[in-house]
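Undergrad: Have a look at this one.
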Amino acid sequence: MERLAHHESAPPPSRSDDIHDSPWVTLAYLLFVFVPLAFLPDPMRALLASALAIAVFLPLHFGFYHSSSSVRPWLVLAVALVGYGLVPYNPGGNTFLIYACAMAGWSFRPRIAALVAAALVALLAAEFWWVMPTVRLAVAWAGMAAVVGGLVLAGTLYSRERSRRNSELRLTQQEVARLAAMAERERIGRDLHDLLGHTLSLVAIKSELAGRLVDRSPLEAKAQMAEVESVARKALAQVREAVAGIRATGLEAELAAARLALLSAEVRLDQRIAPVALSPEAESVLALGLREAVTNILRHAQAQRVDVELSADAGGVQLLISDDGRGGTIEPNTGLAGMRERLVALGGGLQYDSTPGSGTRLVLSLPRPALQGPNP
């Protein structure tokens with residue numbers, strides 16, 4: 001609750017890249033300024049007034065996308081005034097009030113934006129009541145402006161909220177990656193200390209002892225140096241095993257990273273992971289395969305949902321990764337080729353199917369020796 005309260009009181013965004021509408025695309029709505037001209041008795045005067053209003057509006061419109069948060073409220077008011085000034089000549093001036101409602105959504109906190117938009121539309125309704133020949137026309141034009149303005153404001157606020165959530169998600173991803181890297185560095189430090197601390201101490205002691213015995217008892221000194229060589233070779237083998245373990249990626253950690261990456265792209269991930277005990281080599285191969293599959297989904301699939309299922313039976317273990325994307329022909333690129341090679345090296349294999357319009361399905365399989373202990 002404190003976090004939500006903090007967000008509610010936070011200032012609105014102040015950078016132009018926080019506005020996700022295109023300033024050029026949104027100009028298409030200016031066509032609605034000219035629609036009422038076909039029904040006016042003196043369209044030429046209304047046309048000239050509309051052209052003047054647009055000439056005043058355009059600098060305000062483009063300036064809004066590059067202005068600071070302190071300037072934007074004044075631009076909202078200026079655009080609204082352009083609309084109020086045009087309405088007596090052309091009812092299509094209510095289009096500028098729609099722009100003002102959208103700009104209010106980017107300029108104020110949600111509650112204040114709603115109040116500002118309501119006040120702008122209320123003033124517009126009063127003006128329509130004053131300038132329209134009949135009450136019915138005044139109500140019709142004011143009602144249309146209220147409905148469209150409300151929808152535009154709601155869409156703008158939704159875009160802001162989605163942008164905020166995406167930003168928070170990206171920050172969460174970065175924080176997870178930072179904490180994971182920190183934890184990994186600490187683990188590597190502990191492992192290397194435990195692995196090499198005793199071994200190097202033993203090498204130093206035996207080397208010092210051999211140095212003392214080299215003149216008095218060369219044979220004993222030679223035996224001590226042989227032990228130093230043996231200890232050093234064992235330490236080297238242990239270091240290689242430790243490096244292989246450091247390079248390996250855990251499947252659980254890779255699933256968490258995949259979920260964050262897919263969420264940032266607004267793709268849903270459903271997972272069904274059986275409690276399967278995997279050997280380190282098998283877990284690393286499956287984790288790398290999952291990473292490659294998720295990368296391809298994000299780049300090419302245009303999917304809305306991804307399913308990941310890990311299961312085991314008498315034949316071994318299978319990792320199924322499927323999506324509901326566009327599918328199509330799969331080229332055995334470097335990623336898939338590397339995935340297959342890693343699986344084949346452990347006696348497994350890769351199967352895939354990609355039907356156009358029905359998504360892609362990958363099955364990574366490994367034999368029973370990839371399991372640690374009895375099959376659950």
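Coordinate-derived values only; no laboratory data. Not measured: the values here are computed from a predicted model. Please note: Cβ atoms are built from the backbone with ideal geometry, for glycine as well, and neighbour counts cover all protein chains shown.
Undergrad: What order do you get for 205-211, 84-90 when each peptide is scored by the mean count of other beta carbon atoms within 10 Å, highest first?
TA: Highest to lowest by the protection proxy: 84-90, 205-211.
Undergrad: A follow-up question, please. How large is the convex hull of the C-alpha atoms of the chain per residue, in Å³?
TA: For the chain, the hull spanned by Cα atoms encloses 240 Å³ per residue.
Undergrad: Just to confirm the number: angle between the C-alpha axis of helix 334-345 and the first principal axis of the chain, 0 to 90 degrees, nearest 10?
TA: Roughly 30 degrees between the two axes.
Undergrad: To test your reading of the geometry: what angle, between 0 and 90 degrees and rounded to tens, separates the Cα axis of helix 94-107 from the longest principal axis of the chain?
TA: Between the helix axis and the principal axis of the chain, the angle is about 30 degrees.
Undergrad: Here is a follow-up. Any idea what the dipole of region 292-365 comes to, in debye rounded to 20, about its Cα centre with Lys/Arg Cβ at +1 and Asp/Glu Cβ at -1?
TA: 160
Undergrad: Right, something else. Could you give the dipole magnitude of region 2-171 about its Cα centre, charging the beta-carbon of Lys and Arg +1 and that of Asp and Glu -1, in debye to the nearest 20?
TA: Approximately 240 debye in magnitude.
Undergrad: Something else now. With +1 on each Lys and Arg Cβ and -1 on each Asp and Glu Cβ, and nothing else charged, work out how big the dipole of the chain is about its Cα centre, in Debye to the nearest 20.
TA: Approximately 500 debye in magnitude.
Undergrad: Shifting gears a bit: Spin-label point model (7 Å from Cα, Cβ direction): what's the A55 to R272 distance in nm?
TA: 6.8
Undergrad: Between 0 and 90 degrees, rounded to the nearest ten: what's the tilt of helix 251-264 against the longest Cα principal axis of the chain?
TA: The helix 251-264 is inclined about 10 degrees to the chain.
Undergrad: Grab the DSSP H runs of the chain that are 4 residues or longer, score each as -39,500 (n - 2.57), total them, divide by all residues and round the 222 nm result to the nearest 500 deg cm²/dmol.
TA: -22000 deg cm²/dmol
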